[in-house]
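The structure appears below as C-alpha cells.
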C-alpha cells in the first residue's frame, strides 16, 4: 500500500462515528483501517465517545469537552463518517472553541438528509421533552430524526461554514449488480437514485449550497460502511497537510 509513504500529519485527527454506533464498545471498529493507517504513520488520533442515539448538538458538545481535555489549544482535523460528519460541521461552526479546527472531512455523510426518514417525529434536542428524556436516559435520542431532509435543511441554514476551516467530502455509489446490496438498494433507490445503500450520493457530496468546500470523489462500488477506507483517507492527506501549512 503506497499510502504509508505519504508524509504524516502534524496535527491530531478526531474520528467521529455515525448514528447508532456503540461508541462505548471498543470492539466496534468503525475506523479500524484508518486507525491502523494513523498508527503506522505516527499521527495522533482519538475516537471520542458519545451516546449512540444522541442528537447532533449533544454529540458535538461531548466531543468538544473531550478534545478540550486531550488537545487544548491544539489544531485538529475532524473526520466524520455518516452522522459523524454532521457533528464535525456543528463543531467547526462554533465560535470560541478551546482548540482550532483546521479541516472537516466527511465520509458518506447525509448533508441534505435522508428522504426516507421523512415520517419520523421531530426532535432537535432543545425542547422540554428532550431535556426530560436526557435526564432520565442520558440522551435526548435526537439522533434518530436529526438526519431527515427537513431537519438538515434547517441545519444547513443555521450551521454556516467557518471561513477558517477547509471542508472535504467523499461519497460511495453502489450498483444493483452488487447482489448482496440489491434488497437495500431496491428500497433506498425509491428515494435516492444513486446511493451507497444508506445515503444518497447527492446528499453526501459537498456542493456550493453548503458553502466553500471540495468533493474529493464519489467512489463506485463502495457501500456506506466500506466508504470508511484507509486508501480514501490517505488520498485526503495532501489536502489536510495543505491546511496545516496554510496561514
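Here, each number is a calculation from the coordinates, and none is a lab measurement. As the structure is a prediction and not an experimental result, all values here were calculated from the model. A quick note on method: Cβ atoms are made from the backbone with ideal geometry, for glycine too, and the neighbour counts reach across all protein chains shown.
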### Summary
Label model pair residue 214, residue 65: point-to-point distance (7 angstrom along the Cα→beta-carbon line) in nm is 3.6
#### Entry: Additional length obtainable on full extension of the chain from residue 161 to residue 73, 0.36 nm per residue less Cα span
29.6 nm
